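Report on the following structure.
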């Protein structure tokens with residue numbers, strides 16, 4: 001049975017302030033429902049995300065600002081930093097983890113700048129909403145093996161697909177250089193490359 005993560009609940013103290021903050025970031029407003037003064041739920045969805053975020057009145061007993069380490073995945077951490085800065089989110093500088101590609105909860109392992117090898121999973125930034133709920137953006141371009149079903153390839157937005165096509169084009173250029181000839185079947189090569197990149201399986205040679 002498939003079990004797909006649908007909603008993450010975050011605790012906020014001022015529903016309208018939180019709604020204004022997240023929608024200003026370009027997150028889609030899916031619902032704003034109140035059944036009285038004692039209950040209200042707002043649902044927003046980050047661009048390209050299959051899962052949504054809800055907050056409101058009488059939605060959770062958690063203390064406002066106590067949600068931490070919520071991860072958002074991007075394929076270009078520096079472009080994400082520029083966009084969040086432009087939209088007023090006040091993000092941290094881009095950083096990487098001194099101990100490797102997997103992020104520690106503490107700040108003592110943070111090293112300024114993206115991962116020097118620009119490896120997938122290796123570069124981060126963070127930002128907080130007005131209540132202090134903490135988000136981490138992580139740059140992922142190629143998944144580790146076994147993370148995705150190779151029979152299910154999805155692109156959540158036109159920009160996501162365009163970025164994947166650009167990476168496939170660059171890799172295909174290297175492929176043609178290796179074989180010393182033009183590849184007339186490049187659409188199939190692109191398709192194989194893009195599926196393998198998402199699934200973390202071996203790329204075509």
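The values are calculated or read from the model by the stated rules, or taken from the named source; none is laboratory data. Worth saying up front: this structure is predicted, and the values here are computed from it rather than measured. Using ideal geometry, Cβ is built from the backbone for each residue, glycine included, and neighbour counts are taken over all protein chains shown.
Quick look at the values:
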quantity: Number of positions in the range 1-59 that are part of a loop (DSSP other than H, G, I, E, B), modelled with pLDDT of 95 or more and under 26 Å from residue 154 (Cβ atoms); calculated: 5
quantity: Checking residue 136 against (1) at pLDDT below 95; (2) not in a loop (DSSP other than H, G, I, E, B), the condition it does not meet; calculated: (1)
quantity: Test: residue 143 is closer than 30 Å to residue 55 by Cβ, at pLDDT below 85 and outside any helix (DSSP H, G or I); calculated: yes
quantity: Selection from the range 188-205 of residues that are free of Cβ contacts under 8 Å to residues at least 12 places away in the same chain and surrounded by 10 or more Cβ atoms within 10 Å (Cβ to Cβ); calculated: 188, 191
quantity: Which numbered condition residue 99 misses (of (1) under 16 Å from the mean Cα position of the chain (by Cα); (2) modelled with pLDDT under 75); calculated: (1)
quantity: Those residues of the range 54-82 which are within 24 Å of residue 118 (Cα to Cα) and either free of Cβ contacts under 8 Å to residues at least 40 places away in the same chain or out of contact with any strand residue (DSSP E or B) (no Cβ under 9 Å at 6 or more places or on another chain) (or both), in sequence order; calculated: 78, 79, 82
quantity: All positions within the range 151-205 that are touching a helix residue (DSSP H, G or I) at 6+ places or on another chain (Cβ under 7 Å), outside any loop (DSSP other than H, G, I, E, B) and over 24 Å from residue 80 (Cβ atoms); calculated: 172, 175, 186, 189, 190
quantity: Residue check for residue 64: crowded, with 18+ Cβ neighbours inside 10 Å, in a loop (DSSP other than H, G, I, E, B) and in the same structural domain as residue 121 (by TED's automatic domain parsing); calculated: no
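So that you can scan it fast, the table gives a plain yes or no per residue for (1) closer than 12 Å to residue 58 by Cβ; (2) exposed (fewer than 12 other Cβ atoms within 10 Å of the Cβ):
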| site | (1), (2) |
| --- | --- |
| 5 | no, yes |
| 10 | no, no |
| 13 | no, no |
| 17 | no, no |
| 25 | no, no |
| 28 | no, no |
| 36 | yes, yes |
| 39 | yes, no |
| 42 | no, no |
